[in-house]
Amino acid sequence: MTPTWLPHNLAPLWAMSELELLRGLVMGEAEGEPFAGKCAVADVVVNRVLLAEEKRVTWWGHTLHEVALKPHQFSCFYSDWRARKDAIFAGVRLDPTPACKESDRAARHALDRLAGLDGNGDRSFGATHYFAPKVVRPTWARNMTKLVTVGGHDFYREGA
């Protein structure tokens, strides 16, 4: 059942598999990034789910779907939806483009981490947030520790 907090335009994403959803998110957030950047974005989503599993932070939700689709957490689903929806659905469908193939690999690596099959590590170094520094620095970043820059994104974690 689709949660009441999910906007109507995002409801089709709720019914997708974790792989489809994460692949679409990676395409929406990091389509033009290098492979490591795509992996780091996927790792942020998984880090939030893992924190919920450890019962350390549950605000974002408890499942990959809840974390990925939580209101106003990932700009491709909210503020950039109109501009990014074609890229998101290209990722969901796994169009035969290099960016989609890389997004698929990044999503699979992150889901392996979530399943405890970690063979490639966390490319975000434990980050729970990121943003593109070419954009105005968000107010939430003031109280966080920058962990790493990967591609066009800076990755952060509270209290790191």
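The values are calculated or read from the model by the stated rules, or taken from the named source; none is laboratory data. Note that this is a predicted model, so its numbers are computed, not measured. Every residue, glycine among them, receives a Cβ derived from its backbone with ideal geometry; neighbour counts consider all protein chains shown. Each accessible area value is taken on the protein alone, full model and side chains, heavy atoms only, with ligands, DNA and RNA left out. Shrake-Rupley method; radii C 1.70, N 1.55, O 1.52, S 1.80 Å.
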Heavy atoms only, probe 1.4 Å: what % of the accessible area of the range 52-126 goes to carbon and sulfur, would you let me know? 51
With each pseudo-label sitting 7 Å past Cα toward Cβ, what's the THR149-VAL135 distance in nm, one decimal? 1.7
Given C-alpha coordinates of the range 38-86, what is the ratio Rg to Rh with the Kirkwood estimate of Rh? 1.02
Backbone HN-Hα couplings from phi across the range 83-93 [Karplus 6.51/-1.76/1.60, Hz, Gly and Pro as x]: 6, 10, 4, 5, 5, 4, 6, 5, x, 4, 6
Applying the Karplus parametrisation 6.51 cos²θ - 1.76 cosθ + 1.60 with θ = phi - 60° to the phi angles of the range 17-32, what ³J(HN,Hα) value in whole Hz is obtained for each residue in order, glycine and proline being reported as x? 5, 4, 4, 4, 5, 5, 4, x, 4, 4, 4, x, 9, 9, 3, x
Taking every alpha carbon pair in the chain and sorting the distances into 10 angstrom bins from 0 up to the bin holding the longest one, the percent per bin comes out as 12, 43, 38, 7, 0
Non-local amide H neighbours of VAL150 (under 5 Å, H modeled in plane, Pro and chain starts lacking H): which ones? PHE155
Cα gyration tensor category, rounded, prolate or oblate, for the range 1-80 with a/c compared to 1.5: oblate
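Looking at the P(r) of the range 89-160, how many percent of alpha-carbon pairs lie beyond 16 Å?
60
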If each DSSP helix of 4+ residues adds -39,500 (n - 2.57) and the sum is divided by the residues in the chain, what number results at 222 nm, nearest 500 deg cm²/dmol? -14000 deg cm²/dmol
Using θ = phi - 60° and the Karplus form 6.51 cos²θ - 1.76 cosθ + 1.60, what ³J(HN,Hα) does each residue of the range 110-117 get, whole Hz, x for Gly and Pro? 5, 5, 4, 4, 4, 7, x, 9
Fully extended, how many nm does the chain gain between ASP112 and HIS72 (0.36 nm per residue separation, minus their Cα-Cα distance)? 11.8 nm
Which residues' amide hydrogens lie under 5 Å from the amide hydrogen of HIS129, considering only partners 5 or more residues apart or on another chain, with H built in the peptide plane? TYR156
Got a sec? Which residues in the range 3-41 would a label at ALA83 touch, if it sits 7 Å along Cα→Cβ and we count backbone N under 12 Å? 29
Could you give the longest part of the chain that holds none of the chymotrypsin sites (Phe, Trp or Tyr not before Pro) found in DSSP loops with at most 13 neighbouring Cβ atoms within 10 Å? 60-160
